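Scroll down for the structure; my scribbles are underneath it.
The values are calculated or read from the model by the stated rules, or taken from the named source; none is laboratory data. All values reported here derive from a predicted model rather than from experimental measurement. Positions of Cβ are generated from backbone atoms using ideal geometry, with glycine treated the same way; all protein chains shown enter the neighbour counts.
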Amino acid sequence: MKKILIFLVLMTIAFSGCDSKDKNLANSFDGVKISYDIAGAGDAAIVFVHGWSCNKSFWKHQVPYFAKRYKVVTIDLAGHGASGKSRKDYTIESFGKDVKAVADKLNLNNMILVGHSMGGTVMADAARQMPGRVLCVVGADTFHDIAIGYDRTEVDKIVIKLKSNFSQEVQHFVRPMFTPKTDPKLVDWVLGKMSLVDPAIAINAFTNLGAYDLKTAASQIKAPIYSINADFWPTNFEMNKQCVPSYKLKLMKGLGHFVMLEDSAGFNKFLDEIIAGLK
């Protein structure tokens, strides 16, 4: 009898460990486990997706702020952070399906999809896959030119460099995305996180980003599209309006590419205004 009780206790502990480990994982279309965190509560859900070679920790200044009023979900795309890394081809469409997998598991509707850099393109594809469930798509320093998306020629040049020496080229590629006024500790933190991604996964994802047809995807989205962009690079507002008549732009001055980290208060204020305008 004593042995049976011990066995039952051990099995309970084992299964409890599996439950706690799996509770924040969703199965994507190909079985890859997608890690997510959830905070707050509300009828509307703000879903944040990181950019290329980043992870959900890049939204560390947004989660506590917005979780006071909304359900907030942050996602690690496949191949990034705590998510599975067994996918063969890390396409934008597959990343969009990762977002949908989490949204389906949590039964999310009335979503505000927020994506930084490549994450904005991912959110555009996710919105295309979830018609009627998305209130708006917000790009954080992205959607600079919806008609072009990402220049394939420039992407191919960067890929060649990344293949030669990934960690070194990430430094060369990302450091110029900050201004001279950016806190050096923040720059080092970002580069440290981005250097942790498997080079093969990062290069595959970046290559696929250059091949993605953002203009067509954006035209299929019924929800409005916004950008919260730095003035670091020009945003082709007029062309974006032609591609997406609902497009609106909020400009953050004097910042680099990682707007939500460099000026979290300003970014949060702009996102607040966008959400308030949806009501």
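Residues that are part of a loop (DSSP other than H, G, I, E, B) and within 19 Å of the chain's Cα centre (by Cα) were ranked within the stretch 147-177; the one that is surrounded by the fewest Cβ atoms within 10 Å (Cβ to Cβ) is 150. For the stretch 54-86, residues that are of a type in the set (Lys, Arg), over 25 Å from residue 171 (Cα atoms) and crowded, with 22+ Cβ neighbours inside 10 Å total 0. At least 2 residues being without any contact (Cβ under 8 Å) to a residue 40 or more places away in the chain is the threshold, and among the helices (runs of 4 or more DSSP H) wholly inside the stretch 217-279 those reaching it are 237-243, 264-278. All of (1) over 21 Å from residue 148 (Cβ atoms); (2) exposed (fewer than 14 other Cβ atoms within 10 Å of the Cβ) hold for residue 213 with one exception: (1). Residue count for the stretch 259-277 under the criterion of being under 21 Å from residue 44 (Cα atoms), buried (at least 22 other Cβ atoms within 10 Å of the Cβ) and among the aliphatic types (A, V, I, L, M): the result is 2.
Whenever a residue of the stretch 89-118 is on the phi > 0 side of the Ramachandran plot, it has no partner that is in a helix (DSSP H, G or I) and modelled with pLDDT of 95 or more lying with C-beta atoms less than 8 angstrom away and at least six residues away or across chains. Taking first residues from the stretch 24-35 that are among the small types (Gly, Ala, Ser) and partners that are in a strand (DSSP E or B), the Cβ contacts under 7 Å between residues at least 6 apart in sequence or on separate chains come to 26/34; 26/36; 28/34; 35/25. Contact map, the stretch 129-149: residues that are among the basic types (Lys, Arg) paired with residues that are outside any strand (DSSP E or B), Cβ distance under 8 Å, separation 6+ or inter-chain. Pairs shown: 133/103; 133/108; 133/109; 133/110.
Among the conditions (1) farther than 16 Å from residue 115 by Cα; (2) touching a Cys at 6+ places or on another chain (Cβ under 9 Å); (3) part of a helix (DSSP H, G or I), residue 187 misses just one, which is (2). Would you mention how many residues in the stretch 224-234 are within 22 Å of residue 135 (Cβ to Cβ), of a type outside the set (Phe, Trp, Tyr) and surrounded by 21 or more Cβ atoms within 10 Å (Cβ to Cβ)? Count: 4. Among the residues making up the stretch 17-43, those that are among the small types (Gly, Ala, Ser), surrounded by fewer than 21 Cβ atoms within 10 Å (Cβ to Cβ) and modelled with pLDDT of 95 or more are 31, 39, 40, 41.
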